[in-house]
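What follows is a short report on a single structure.
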Amino acid sequence: MIEIIEKEPSLVTLSHLGIFESIIKYVEENNSYYYSNLEINGSEEYVKLKKIAPHEKASILESLILFLNELDIPLIVKERKHYLHARSDKYCIAEILLSNLMKFRIDFPEDYDFRILFSNLYMYCENEDGNLLYTKRPLGGFVNQIEKHVKRNGLTPFSRLQIQDLIKGSAFGNILKGAENLHTYDLQSLIKSAKKLSGLLLDKSDSTSEVPIYQFGSGPMGRIFNDSINGLESKSKWHTLFYHLSCASGGKPNKKFIIGVNPLIDDIGKDNFKSLANFWFEKLSRLKVETEVKESICRNQTYTYEIQQYIEHYSHNVIKGLLWSMSRFHDQRSLKNIALVAEKCFQKIPGVGPAAAGIGNAAIYTLAQSKGLNGISHLSRLKLSIKQNNTQKLIQNYIDEQALKQGIKSSQIEEIAASDFGLINAVRIEKFEDYTFQLSITKVGEVLQQWIKPDGSIQKTLPKFIKDSAKLSEKLKKLKDIAKQIKQSSSTQRDRIDRLYTENLKWNREDFEKYYLNHGLISVIANKLIWNIDGQPFMYIDTKWVNTNKQEITLHDDAVIQLWHPIDSETHCVLAWRDFLEEQNIKQPFKQAYREIYLLTDAEINTRIYSNRMAGHILKQHQFNSLAATRGWKYSLLGCYDDGRDGEIASKKIPDSNLTAQFWINEIIDDTDSFNEAGIWYYIATDQIRFINELDEPVELIDIPPLVLTEIMRDVDLFVGVASVGNDPAWQDGGPDARPEYRDYWQSYSFGDLTEIAKTRKSVLERLIPRLKIKDKVTIDGKFLLVTGTKHTYKIHIGSGNILIAPQDSYLCIVPGRGKDSNVDKLFLPFEGDNGLSIVLSKAFLLVADDKITDPTILSQL
């Protein structure tokens with residue numbers, strides 16, 4: 001049975017009632033929807049209301065709250081212990097008017113009792129769960145009014161008593177204790193308001209006054225915070241700091257926050273603060289995402305559901321404030337830990353998105369504020385590891401700002417900021433008494449860690465004296481952490497250099513030797529690449545610049561150096577460099593001598609402003625999005641619940657040419673609900689490639705610089721080659737909807753003509769096969785690698801890696817393993833990064849010895 005709560009008689013004065021009714025009538029006549037940005041300023045009564053003296057607005061506020069309460073019909077359902085409301089448009093407008101009024105200056109009487117205002121505002125009583133009845137009413141505005149009242153009149157004994165009574169009540173008490181099951185649309189706002197109210201009890205004018213204990217909450221970070229400061233003598237100073245940190249909001253700290261936090265840190269001690277903050281960041285970066293099962297009751301039915309959470313909401317603002325506070329510190333440990341927090345916060349939680357984007361953005365801001373370029377170095381790495389487009393844009397903006405200050409290009413600021421981690425010629429040596437610990441880069445993304453005995457021999461195990469020494473163990477821990485950073489940074493720098501072709505960068509001798517040739521980290525990459533010196537290609541071999549004929553040159557101070565591209569040279573020159581790399585046994589960190597070249601076709605000359613070369617493919621959208629982000633493209637995921645778009649454009653800016661490349665993408669709508677929990681389509685279809693200028697006007701393809709055209713086409717070919725459903729055996733029969741056109745696409749992609757990337761793969765195989773131990777069993781026939789096994793002859797498509805069994809051409813499904821193939825791993829390949837080439841070779845080795853296959857899934861198909 002539903003019990004109706006009887007209300008007290010109305011105390012709304014007729015004059016106030018007339019004002020409210022007039023404003024509501026104006027809003028109804030001039031607005032179609034009733035949201036916070038109402039057209040309300042045109043109301044004469046509203047204008048008069050704003051001009052009323054501040055001391056008269058208190059009675060108007062009280063009348064408006066009572067007016068609102070009369071418009072509402074609260075019902076208590078005893079069994080469910082929550083309220084239901086029947087609300088009119090008039091109520092919604094009046095509620096927005098209340099929020100506006102709370103922003104005005106209101107001079108309450110000095111002895112005003114805000115407890116009564118709170119009870120009326122929220123129809124509040126101490127019910128069992130302590131939830132507020134009206135969660136959309138302006139709690140933040142209410143607390144702000146108390147704050148301003150205290151500033152004007154001081155923290156009087158009566159004001160202190162009121163605030164203490166309010167925060168002791170179950171509503172604020174639950175929030176301050178970290179109860180995250182509160183029924184509210186904006187928990188963060190509620191937490192911030194509760195913390196601000198509690199913080200008003202801090203009497204900053206009286207250093208001897210007792211500091212109220214900051215309630216950390218019951219979440220994992222709350223427990224870590226509490227345990228860390230619980231036994232400290234400076235505990236009260238930390239509580240004062242936490243009250244300030246809890247007020248952190250927005251994307252960046254305001255001046256008031258920074259001015260307020262610095263003396264609090266100084267009071268604690270800068271070293272003490274920094275040490276404990278780094279400890280918390282280390283804990284935060286290792287914190288796991290927790291899954292919690294919750295229950296919800298609706299219409300007498302109990303429903304269970306799971307929520308995944310990285311950091312409890314209760315601690316969000318505190319951590320943001322903590323990160324902002326670190327902007328005054330610029331040491332390596334702090335910057336490294338802040339970067340780790342940023343990376344962790346942007347890890348994706350399925351069905352949720354980034355784990356804690358707000359905190360991640362705070363970490364990115366702090367890195368951008370660091371003195372020198374060490375922070376930019378971390379941002380350069382994060383730009384590649386974080387896949388969210390908005391975050392990548394934010395990072396790029398910070399890099400651009402720093403580049404503008406230096407008067408150079410953004411790509412140059414990233415190379416200047418690259419750390420060498422104490423490496424000399426890719427090696428770092430650290431002494432541990434008579435032993436030596438050596439870090440050496442073996443290839444991009446791999447670091448060898450070795451112990452060398454006093455006699456120069458290698459020791460495979462950790463020396464015992466290091467285990468017994470806390471100081472040496474800590475030193476070793478830091479070095480191992482540096483090794484991890486070297487792995488990440490070497491990959492970051494490799495990818496950065498690979499993207500430099502459209503930047504048209506040039507170096508003089510001094511800068512090139514400083515940032516590339518003699519750089520402890522980047523030299524590993526630079527020494528395996530071909531560079532144009534005054535227009536002619538050379539490599540740096542054994543401290544000498546040589547060409548393919550091994551002719552040496554001396555690098556002059558005024559030499560102009562650029563990254564060589566095969567489009568710059570004749571075919572015979574490109575082939576000569578491929579021979580040279582093979583002869584010198586040099587494995588390039590990315591495709592350079594074997595880099596694909598995409599020339600304008602007749603069809604593209606005829607279509608003038610667009611290319612259909614990569615149109616008509618079906619891609620896995622999330623995989624495409626990740627690849628696009630890695631290559632510097634901007635793209636927004638298409639979903640079934642978005643703004644009605646049926647297409648999207650992936651774009652990449654080419655500042656040096658004043659161009660933007662566009663890759664048009666279309667939705668694929670079917671009847672199989674092919675979207676995830678967030679409504680994002682799993683699959684998309686590719687369309688045109690275009691270029692536009694700074695005025696958003698299309699540019700004819702014939703006018704695009706050949707180097708820009710080939711690099712953009714190569715990017716898109718990579719997207720298709722990796723993300724196409726043609727690589728997925730599950731699409732053999734037409735995908736999830738079993739459509740004939742999808743089946744036809746899978747067939748044409750899996751066994752059709754070779755793309756430019758696949759043609760390069762074929763060129764490598766032609767050179768490689770004569771050196772293979774299975775050379776008598778494999779041969780190239782057009783677009784296939786033919787493999788003669790003991791049972792059948794197999795046709796491996798060089799592009800897709802899919803297999804047909806000859807002569808019937810029946811499909812053979814072999815899913816590549818995740819581990820390395822020892823047969824392939826031993827081979828010399830001229831470049832890194834072509835996983836498809838490794839798959840083709842791995843399948844060839846497997847099928848040559850098809851009589852030794854034991855996998856039942858494969859055997860059933862033979």
Would you check if there is a residue in the stretch 737-753 being at pLDDT below 90, touching a Pro at 6+ places or on another chain (Cβ under 8 Å) and farther than 20 Å from ASN625 by Cβ?
-> no
Screening ASN397, ASN390, ASN337 for residues that are at pLDDT 85 or above, assigned to a helix (DSSP H, G or I) and open to solvent by 40 Å² or more (accessible area, probe 1.4 Å) leaves only ASN397
Checklist (1) within 25 Å of ASP568 (Cα to Cα); (2) touching a strand residue (DSSP E or B) at 6+ places or on another chain (Cβ under 6 Å); (3) not acidic (Asp, Glu) applied to VAL725, failing item | (1)
With the condition kept exactly as written, say whether any residue in the stretch 411-428 is among the aliphatic types (A, V, I, L, M) and in a strand (DSSP E or B).
-> yes
In the stretch 347-369, residue nearest to ALA248 (Cα to Cα) [restricted to those that are surrounded by fewer than 24 Cβ atoms within 10 Å (Cβ to Cβ) and among the hydrophobic types (A, V, I, L, M, F, W, C)] = ALA357
Output for the stretch 659-703, where each listed residue is acidic (Asp, Glu), under 26 Å from HIS622 (Cβ atoms) and not in a loop (DSSP other than H, G, I, E, B) | GLU667, ASP687
Does LEU373 satisfy the condition of being over 11 Å from the mean Cα position of the chain (by Cα) and modelled with pLDDT of 85 or more?
-> no
Does the stretch 831-850 include one or more residues that are within 36 Å of the chain's Cα centre (by Cα), closer than 28 Å to ASP733 by Cβ and surrounded by fewer than 16 Cβ atoms within 10 Å (Cβ to Cβ)?
-> yes
Does the stretch 659-670 include one or more residues that are modelled with pLDDT under 90, of a type in the set (D, E, K, R), under 22 Å from VAL352 (Cβ atoms) and out of contact with any strand residue (DSSP E or B) (no Cβ under 6 Å at 6 or more places or on another chain)?
-> no
Of all residues making up the stretch 540-556, the number that are crowded, with 16+ Cβ neighbours inside 10 Å and under 23 Å from GLN412 (Cα atoms) | 2
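Please pick out the residue among LEU862, LEU841, LEU837, LEU847 that is under 14 Å from LEU785 (Cβ atoms) and in contact with a His (Cβ under 9 Å, 6 or more places away or on another chain).
LEU847
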Tell me, please, whether a residue that is in contact (Cβ under 8 Å) with a residue 12 or more places away in the chain, open to solvent by 20 Å² or more (accessible area, probe 1.4 Å) and more than 30 Å from LYS383 (Cα to Cα) can be found in the stretch 470-479.
-> yes
Restricting the stretch 557-574 to residues that are more than 35 Å from the chain's Cα centre (by Cα) and not hydrophobic (A, V, I, L, M, F, W, C), the residue that is least open to solvent (accessible area, probe 1.4 Å) | SER569
Please work out which residue is least open to solvent (accessible area, probe 1.4 Å), limiting yourself to the stretch 481-539 and to residues that are polar (S, T, N, Q) and assigned to a loop (DSSP other than H, G, I, E, B).
-> ASN527
Note down all Cβ pairs under 9 Å where the first residue falls in the stretch 103-115 and is over 16 Å from ALA53 (Cβ atoms), the second is hydrophobic (A, V, I, L, M, F, W, C) and outside any helix (DSSP H, G or I), and they're at least six residues apart or on different chains.
-> PHE114/PHE108
Output yes when any residue across the stretch 85-92 is open to solvent by less than 30 Å² (accessible area, probe 1.4 Å), in a helix (DSSP H, G or I), out of contact with any Cys (no Cβ under 9 Å at 6 or more places or on another chain) and modelled with pLDDT of 85 or more, and no when none is.
-> no
Quick one: PHE663 ticks every box in (1) out of contact with any helix residue (DSSP H, G or I) (no Cβ under 8 Å at 6 or more places or on another chain); (2) under 30 Å from ILE349 (Cβ atoms) bar one, so which box is it?
-> (1)
Inspect all residues belonging to the stretch 600-614 and state whether any of them is open to solvent by 60 Å² or more (accessible area, probe 1.4 Å), of a type in the set (D, E, K, R) and at positive phi.
-> yes
Within the stretch 411-449, the count of residues that are more than 13 Å from ILE482 (Cα to Cα), in contact with a Leu (Cβ under 9 Å, 6 or more places away or on another chain) and open to solvent by 30 Å² or more (accessible area, probe 1.4 Å) comes to 4
For the stretch 212-229, does any single residue satisfy the condition of being open to solvent by 80 Å² or more (accessible area, probe 1.4 Å), modelled with pLDDT of 85 or more and not hydroxyl-bearing (Ser, Thr, Tyr)?
-> yes
Filter result for LEU245 (at pLDDT 85 or above and within 21 Å of the chain's Cα centre (by Cα)) = no
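To keep it simple, each residue is scored yes or no on (1) more than 25 Å from PHE67 (Cβ to Cβ); (2) at pLDDT 85 or above; (3) open to solvent by 30 Å² or more (accessible area, probe 1.4 Å).
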{"site": "ARG115", "(1), (2), (3)": "no, no, yes"}
{"site": "PHE118", "(1), (2), (3)": "no, no, no"}
{"site": "CYS125", "(1), (2), (3)": "no, no, yes"}
{"site": "PRO138", "(1), (2), (3)": "no, no, no"}
{"site": "GLN162", "(1), (2), (3)": "no, no, no"}
{"site": "GLY178", "(1), (2), (3)": "yes, no, no"}
Please work out which one of (1) within 27 Å of ASP825 (Cα to Cα); (2) at pLDDT 85 or above is the condition SER385 fails and give its number.
-> (2)
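The values are calculated or read from the model by the stated rules, or taken from the named source; none is laboratory data. If you're wondering where the values come from, they're calculated on a predicted model, not measured in any experiment. Don't worry about glycine lacking a Cβ; one is built from the backbone with ideal geometry, like all the others, and counts go over all protein chains shown. The accessibility values were calculated without ligands, DNA or RNA, using every heavy atom of the protein model including side chains. Shrake-Rupley method; radii C 1.70, N 1.55, O 1.52, S 1.80 Å.
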